[in-house]
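Each remark here refers to the structure printed beneath this line.
The values are calculated or read from the model by the stated rules, or taken from the named source; none is laboratory data. What you see is a predicted model, and the numbers here were worked out from it, not measured in a lab. For neighbour counting, all protein chains shown are included, and Cβ atoms are generated from backbone atoms with ideal geometry for every residue, glycine included. Please note that ligands, DNA and RNA were not included when accessible areas were found on the heavy atoms of the full protein model with its side chains. Shrake-Rupley method; radii C 1.70, N 1.55, O 1.52, S 1.80 Å.
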Amino acid sequence: EYRLHYAAKDAGDFVGIVKQQKGKYYSDVVVKSLTDDAAGNSAVIEGFEWLQKQVTPKDVGMVFIAGHGITDERGDYFFLPFNADLDALAKTGVPFNEIKSRLANLRGKGLLFVDTCHSGNVMGSRKGLSSDVTGLLNELSSAEYGLVVIASSTGRQTSLENDSWGN
């Protein structure tokens, strides 16, 4: 019930634009794309591990995340991958600490593009759950982590899918 219609297309569009920079802004562009059922929680975590191993001090590691994110009743943020279960976030979500530790330890520069949002009641009225991720994104973009974070909206704004845009 939480499936987005254009998250995979948005990721594909992003990859296409970045690939156009090969031989121009970047000498090479290496892509690992995880969409739909290939984007389960373990695959997403493995993708961050892959990125960490690939990026050298001369590289720019980019991550584009599209989907939902949620903060549980303890204040822990989880990105909701394809197989997420709100009743088992610890097992099926991708914890913010995992994302933070992987991106904070890149040997090169890091760019994080976040296409998640505060989605009104898309998660229902589950007690203790929130989708405001402003503080977490601010933490990632602090000087301590050295990442550039570009978000589609603030934690209290709604990002939209629109059939007329196809994104």
TODO: Describe numerically, in nm with one decimal, the distance between label points set 7 Å from Cα along Cα→Cβ at I17 and at V30.
DONE: 2.4
Task: Cross-link table K22/K109; K19/K109; K22/K100, entries beyond 20 Å C-alpha to C-alpha - done: K22/K100
Task: For L34, solvent-accessible area (1.4 Å; no DNA, RNA or ligand), Å² - done: 60
Open item on the list: If I model a spin label at D37 and I150 as a point 7 Å from the Cα along the Cα→Cβ vector, what separation in nanometres do I get?
Closed with: 3.2
TODO: Once you have a ≥ b ≥ c as the square roots of the Cα gyration tensor eigenvalues for the range 1-66, tell me rounded if a/c is under 1.5, and otherwise prolate or oblate according to whether a/b is larger than b/c.
DONE: oblate
- [ ] Identify the residues of the range 65-84 with backbone N under 17 Å of a label point that sits 7 angstrom from the Cα of W165 along the Cα-to-Cβ direction, or state none.
- [x] 65-69
- [ ] Arrange the residues V55, V15, V148 by how much accessible surface each exposes, largest first, with a 1.4 angstrom probe.
- [x] V148, V15, V55
Task: Charge sum, other residues only, whose C-beta stays under 12 Å from N167's C-beta, Lys/Arg counted +1 and Asp/Glu -1 - done: -4
Open item on the list: For a test of the definition: using alpha carbon positions, the gyration tensor, and the 1.5 limit on a/c, classify the range 1-111 as rounded, prolate or oblate.
Closed with: oblate
